Amino acid sequence: MKNIKLIVGLSNPYKEYKKTRHNVGSWFIRILSRKVSVDLKIKNKFFGYIGLWKKCKNDIYLLIPNLYMNLNGISISIVSSFYKIKSDDILIIQDDLNTDIGKYNFINSHNSYGHNGIKNVKSKFEKNTLFKRICIGIGKPDKNVNLSSYVLSIPTETDKNLIIQSIEKSMHIIEKFL
């Protein structure tokens with residue numbers, strides 16, 4: 001497997017939505033950055049928070065786009081172009097309604113499975129580009145709850161703890177690429 005050079009946590013504008021289910025990608029990057037002692041700084045030219053992790057003689061950029069979810073591809077494409085990072089070397093962390101809360105999946109796919117952030121990322125790269133992704137389960141809402149209200153809601157303390165546990169467990173995947 002190729003080395004990962006960019007790890008992105010999909011998100012909505014961080015300050016406004018940081019505690020919501022839809023921002024678990026940014027939770028992942030924040031937890032990882034603390035574990036590896038990387039400072040994330042807002043960089044307007046990249047439309048997001050970025051930091052450099054030096055690991056095993058590799059430069060790995062950690063990115064949290066500071067745009068709405070359906071525009072995250074802009075930030076990712078600018079960073080990947082600026083640092084000459086191929087799509088094969090990008091790992092995307094996203095929330096996933098189709099994965100049970102407290103669980104995660106690793107996929108390498110060009111399919112968005114309906115995720116608006118992934119749809120936008122795909123639009124910025126070549127058609128049928130495969131993206132390595134860690135999908136963090138956020139569960140599904142009850143049938144009478146609006147989907148966008150659910151993903152933009154702050155999880156209960158129990159759900160939050162389950163999500164954080166799945167983030168912690170999923171971090172071993174990064175080691176496979178380093």
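The values are calculated or read from the model by the stated rules, or taken from the named source; none is laboratory data. Just so we're clear, the structure is a prediction, and the values are computed from it rather than from any experiment. Heads up, the Cβs are rebuilt from the backbone with ideal geometry, glycines too, and the neighbour counts pull from every protein chain shown. Side chains included, ligands, DNA and RNA excluded: accessible areas come from the protein's heavy atoms. Shrake-Rupley method; radii C 1.70, N 1.55, O 1.52, S 1.80 Å.
Using every pair of separate Cα atoms, the Kirkwood estimate puts the hydrodynamic radius of the chain at 16.0 angstrom. Evaluating 6.51 cos²θ - 1.76 cosθ + 1.60 at θ = phi - 60° for every residue in the stretch 155-166, the Karplus couplings come out as x, 4, 4, 5, 5, 4, 5, 5, 5, 4, 4, 5 Hz, glycine and proline recorded as x.
Rounded, prolate or oblate: pick one for the stretch 115-178, where a ≥ b ≥ c are the square roots of the eigenvalues of its C-alpha gyration tensor, a/c under 1.5 means rounded, and failing that, prolate if a/b is larger than b/c, else oblate. Note, shape of the stretch 115-178 comes out oblate. Between helix 72-82 and the chain there is an angle of about 10 degrees, using the helix long axis and the longest principal axis of the Cα atoms. Placing a label point 7 Å from the Cα of R34 along the Cα-to-Cβ direction, the residues of the stretch 130-155 with a backbone N closer than 17 Å are 155. Across the stretch 112-121, computed HN-Hα scalar couplings (Karplus, 6.51 cos²θ - 1.76 cosθ + 1.60, θ = phi - 60°) run 7, 6, x, 7, 5, x, 5, 4, 5, 4 Hz from first to last residue, x flagging Gly and Pro. Summed over qualifying helices (DSSP H, 4 residues or more, each -39500 (n - 2.57)) and divided by its residue number, the chain shows a 222 nm mean residue ellipticity of -9000 deg cm²/dmol.
Sorted by mean Cβ packing within 10 Å, highest first, what order do the peptides 19-29, 163-173, 137-147, 121-131 take?
Answer by packing, highest mean first, reads 19-29, 163-173, 121-131, 137-147.
Packing-based ranking of 104-110, 54-60, 5-11 yields 5-11, 104-110, 54-60, ordered from highest to lowest mean Cβ neighbour count within 10 Å. Of Y68, Y83, the residue with the largest accessible area leads and the full order is Y68, Y83 (1.4 Å probe).
Amide H contacts of I92: V8, K132, R133, I134, each under 5 Å away and 5 or more positions distant or on a separate chain (H built 1.01 Å from N in the peptide plane; Pro and chain starts excluded).
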